[in-house]
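Heads up: the structure comes next, in structure tokens.
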Amino acid sequence: MHSIRLKRPWKRLVADGQQTDDHLVAKVDVPDLESDLPHAGIVHYQRSFNRPPQLDADEKMVLQIDHFSAQRITIQLNGTVLETHPKAGTTFPLQVDLTKASAAFNQLSLILESPAEQGIQLDGAVCLLIGNRQDFLPNV
């Protein structure tokens, strides 16, 4: 299995649930370990990536999220919601199959939501795992 770490560049947008506040847009590394993040209801992390050209028909491309601090996370690829997970009951690392939804060029959005009084952060590593289908659990 091959791993591609998605560290930088990520764009972090802090929103109030209705609109994005332009002065709260920043380029960040992931894991995002800044301690002075504003407490907000919704934080978007966005990053683009190319699909590996060597991906064979018997291989999968899986997104792995090691950890997040939020009540729930929504994973979007190219504007399509793939999955939403509440933190309660989520086993880490969280893995989501991107194989069928991916294109040659992809826009990944991870949307974290929590009550305004809680900190929201993508505080774990994010990577793409490329491997044979039998390398992954059946539910991934």
Most positive-pole-ward Cα, A104, G124, P86, against dipole of the chain from beta carbon charges: A104
Sequence-separation-based contact order of the stretch 2-135, relative, with Cα cut under 8 Å and 6+ spacing, percent: 37 percent
Over all viewing directions the Cα convex hull of the chain casts an average projected area in nm² of 8.3 nm²
Hey, what do the phi angles of the stretch 24-30 turn into as Karplus ³J(HN,Hα) couplings, whole Hz, using 6.51/-1.76/1.60 and θ = phi - 60°, x for Gly and Pro? 10, 9, 9, 8, 9, 8, 10
State to the nearest 20 debye the size of the charge dipole of the chain about its Cα centre, where the only charges are +1 on K and R beta carbons and -1 on D and E beta carbons. 360 debye
Residue of N50, N78, N106 that the Gaussian network model of the chain assigns the largest fluctuation, springs spanning Cα pairs under 10 Å: N50
Looking only at lysines whose Cα falls under 21 Å of K27's and that sit 8 or more positions away or on another chain, we get K7, K11
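Each reported figure results from applying straightforward, stated rules to the coordinates on display, with no laboratory input. Computed from a predicted structure; not experimentally measured. Virtual Cβ from ideal backbone geometry, glycine too; neighbours counted across all protein chains shown.
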